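Notes to accompany the following structure.
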Amino acid sequence: MTLDKAEAIVLASCALIVFIWIGYLCHFGIDITDEGFHLVSIANPLSYSGTVSQSGLLYYPIYQFLSGDLVLFRLFNLGLIVCLSYALFYRCFSSAYKTKFPIGIILISACLSVSALLFLSIWQPTPSYNTLNEIFLLLLAHTFLSFDRDTGKSILPWLFVGTLGALIFVVKATTALAAGLIFLLYITVSRKLHWSGLILAGASALSVVFIVAIVMDGSVSGYIERIQSGLAAGKILLGDSWGSLSMIWRGKLNIDQYLLVSIVALALYILITAQLYSSASRRVACLGGLLLLVFVLFVFGVAGDIFVNPIDRVRTTSRIFLALSIVFAGVALYCINFFKSPNWNDYGGSVWLIVSMCLLPYAFALGSYSNYFYVALKAGVFFIVAIILLICKVEFSKAHYRQVIVLSLSMVLVLVLLIDKSIDAPHRQPEGRLAFNSALSGLEIHGGRLLLPSLTLSYLSSISSLAKSNGFQKGDAMLDLSGASPGTIMAIGAKNLASAWMIGGYVGSESRAIASLRSIEVDAVENAWVLTEPNGKRSISGAVLDSVGLNLEKDYVLVGEVMIPQGLGGRPKGASQFLYRPR
């Protein structure tokens, strides 16, 4: 067997195994807070006013086509992201490698495409406005490549970029603003700006927004009012921090000494392996191949619970920074290769394409209520694309090709480490992978063979049985004053009253709850069921009902109590939830 065939087998095997593994993991678990909120927004996109993001409307047809099967929905969404990422990397490579390594670039692109799934470093595989945001930005990146290889005079790219801009706007307006500025900067400095094309893009964007406005609210004025209500609700919820520059740096990066050493050590390991493997000396190349094989066996041993995961000591929200090792190793390889044979003439306007790719993750992060650098890494695929574009600008050789093989396999292996840890301690769920042994049934979240920890399923089944034994009917409205159970309401078949998530735990949570209750008919509140969690970390006081002339004790009947387990929904300890029915 030749070395080229061996490389192809290793690349294909790693990509295929990881894709199958991630697909299998889509059967595992659900977070009743964030993922529950996204499912409610998708299942009932027209039911709530004051929504800033309309991602639910765009996902709704797919969700209905898949009959609400959560596992299939997850598989479809992640598959779409990987396909778009694969196509993007393949287009980046095609000019440099296509003629010499047609099979190689297909397999390398497949391995690198998993970088679009870095957001799974926190186990939340359910489609959301963030995943839809990434899908549209990946399509926008394809448009950047089209403009890079074209004069910019063709009509279709302008129509496409205008449509994408509008879709990004209805998903996350702040990202649309940033992406629009990046695009304008790129076409201006690369001298591809054509006013007729820009006007055409603007017209197509306005047309799409108009259609969304009509579908959502029946009029443009109604849609504007929806956005204004959503912004006002956000200001009430977050208080003085809403819209301030402090949001950019909110929260610490939490990169401790152990994580920093791990990033540097892994980057050096990848760099040394790539340099050795690309050597013209067969013995040295074999040593590089051995180092790579050790890395492969170790990571798959971690996934198979043979070895301890080396990032066990790293905080949940900091693990994603391990992906920086790929970025650092890639930049170092580029610098080494460039200084060996510097050639500035090959860059031209493409340097602005590379800069634009580096900026897209920050467009993704803009408007988030977390540290922007951390959120940007969830869309770290664009950093990897920028590195590949850099590497492809250096004069091509067999050595460079082998270096890219090492980088692509390293990307797969790092993602395996991240996901393996995330599924062992899934976000806001009480137990890890080994406890996911109870098939979801008898509830209104349809998951095919969605598996939950026994603690989660026991809780959901108990509250569902309690409600149904006291006269609850599917579709009845329920007010969630626990502040952290939107997925629970959906699971038992109720309709979340007033808001997809009556979120608690923020400085303005109760004020926002009052505003939401006042925005609907009093009769709707009076006839709704109520779920409370008096001692919960995110609990909203029953006193908010006073704002609409109702009283929890006088106007509702307590029907029972259910224990919600520690860890579920991020609860630091178990708590009692109380269910009330209307009188």
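Structure notes:
- Cα centroid separation, region 44-68 to region 77-91: 23 Å.
- Each label was represented as a point 7 Å from its Cα along the Cα-to-Cβ direction; for PHE339 and SER454 these points are 6.0 nm apart.
- Extended-chain gain in nm, criterion 0.36 nm per residue less alpha-carbon gap, ASN527 and ILE214: 109.7 nm
- Cα centroid of region 2-30 to Cα centroid of region 127-143, whole Å: 23
- Overall dimensions of region 471-550 by Cα: Rg and Dmax, Å: 11.6, 35
- Residues VAL264 and LYS537, FRET efficiency given R0 of 30 Å [Cβ-Cβ distance, rounded to 0.05]: 0.25
- For region 106-196, dividing the convex hull volume of the Cα atoms by the residue count gives 123 Å³ per residue.
- Dividing the summed helix terms, -39500 (n - 2.57) for each DSSP H run of n ≥ 4, by the number of residues in the chain produces a 222 nm estimate of -19000 deg cm²/dmol to the nearest 500.
- Span from the region 159-191 Cα centroid across to the region 276-291 one, whole angstrom: 44
- Calculated FRET efficiency for the pair THR316/ASN437, C-beta based, R₀ 25 Å, to 0.05: 0.65
- Cα→Cβ-extended label distance, 7 Å offset, between GLN566 and VAL294, nm: 4.0
- Shown for ILE9, ILE492: other C-beta atoms within 10 Å of each C-beta, ranked fewest to most, produce the order ILE9, ILE492.
- Residue order for THR316, THR51, THR488, THR188, fewest other beta carbons within 10 angstrom first, comes to THR188, THR316, THR51, THR488.
- Kirkwood hydrodynamic radius of the chain, from inverse mean 1/r over distinct Cα pairs, in Å: 25.5
- Note: relative contact order over the chain, using C-alpha pairs below 8 Å and six or more positions apart, is 19 percent.
- Taking SER454, SER461, SER422 and counting other C-beta atoms within 10 Å, the order from fewest to most: SER454, SER461, SER422
- The chain: angle of helix 282-303 to the longest principal axis, Cα-based, in degrees nearest 10: 10
Read-outs: derived from the displayed coordinates by stated rules, not from any lab. Since the structure is predicted, the reported quantities are computational estimates derived from the model, not experimental observations. Heads up, the Cβs are rebuilt from the backbone with ideal geometry, glycines too, and the neighbour counts pull from every protein chain shown.
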